[in-house]
Amino acid sequence: MWEEIATRKVWYHNDIYVLTKIFYIFPIEQVDNVINSAVDQLRKYDNFPHIHFFKIAFFVNCSRHYILAGEPLKSKSHLIAAEKLAKQHQVVILRLTAHYLLAYSDFIEGNTKKAHERVDRTTQILFDLEKLNDDSKNDGSLNYDIIANDFLKDWAKFLNENKSNDK
């Protein structure tokens with residue numbers, strides 16, 4: 001599928017969408033090309049209504065792929081772009097996610113205190129948001145506690161894998 005899309009001069013929104021769903025299977029050496037090509041192609045859709053949500057999610061997903069592949073520094077520019085767009089368009093959960101994920105590159109860059117503060121601040125906001133949910137209703141609202149705990153679990157795993165870097 002990538003070979004077919006990569007050879008096209010014009011990528012459509014659906015092509016980029018499909019790539020966002022499958023780029024996790026690409027080896028890290030190839031994913032840079034896929035992501036960079038998709039980012040270039042996404043620029044033509046900047047004036048489409050509601051494209052910002054798709055772009056934010058795309059940048060966050062790219063970043064997660066890099067982090068899971070052990071390359072958190074490659075995620076930084078995408079997370080900065082995602083956080084900026086999410087702030088501009090008031091997409092709170094993706095803004096919090098991008099902000100949290102930046103802790104991985106902070107940590108690798110040696111800013112361990114900043115990384116820990118970022119994780120603490122983000123998860124605390126999520127726990128506070130959960131307090132706003134009405135426990136008596138199951139209205140399909142996000143369960144922010146689950147998200148916060150997933151962040152903390154992933155962070156603990158990352159720290160365990162990087163014990164020698166934590167100062």
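The values are calculated or read from the model by the stated rules, or taken from the named source; none is laboratory data. Quantities reported herein were computed from a predicted structural model and do not represent experimental measurements. Don't worry about glycine lacking a Cβ; one is built from the backbone with ideal geometry, like all the others, and counts go over all protein chains shown. With ligands, DNA and RNA removed, areas are computed over all heavy atoms of the protein, side chains included. Shrake-Rupley method; radii C 1.70, N 1.55, O 1.52, S 1.80 Å.
For the stretch 1-109, the number of Lys pairs with C-alpha atoms closer than 25 Å, counting only pairs eight or more positions apart or on separate chains, is 22. In the stretch 39-167, the portion of solvent-accessible area held by carbon and sulfur atoms comes to 51 percent [1.4 Å probe, whole percent, DNA, RNA and ligands not counted]. Only protein heavy atoms count here; on that basis, with a 1.4 Å probe, Asp40 has an accessible area of about 90 Å². The listed residues Val18, Val119, once ranked by accessible area (1.4 Å probe) with the largest placed first, stand as Val18, Val119. How would the stretch 74-129 be classified by its alpha-carbon gyration tensor: rounded, prolate or oblate, with rounded meaning a/c under 1.5 and the a/b versus b/c comparison settling the rest? Taking the square roots of the gyration eigenvalues as a ≥ b ≥ c, the stretch 74-129 is oblate. Accessible surface for the chain, divided over its residues, is 59 Å² per residue with a 1.4 Å probe.
If you work out Rg/Rh (Cα atoms, Kirkwood Rh) from the coordinates, which of (i) 0.92; (ii) 1.28; (iii) 1.00 do you get? Recomputing Rg/Rh (Cα atoms, Kirkwood Rh) here gives the entry labelled (iii).
Mean separation of Cα pairs under 8 Å and 6 or more residues apart, divided by the residue count, gives the stretch 1-112 a relative contact order of 20 percent. The Cα center of the stretch 1-33 and the Cα center of the stretch 57-92 differ in position by 17 Å.
If the segment from His50 to His89 were pulled out straight at 0.36 nm per residue, it would be longer than the present Cα-Cα gap by 13.1 nm.
Applying the criteria of a DSSP loop state and at most 10 other Cβ atoms within 10 Å to the chymotrypsin sites (Phe, Trp or Tyr not before Pro) of the stretch 1-60 yields no site. Ordered by 1.4 Å accessible area with all protein chains kept, Lys55, Lys44, Lys163 run largest first as Lys163, Lys44, Lys55.
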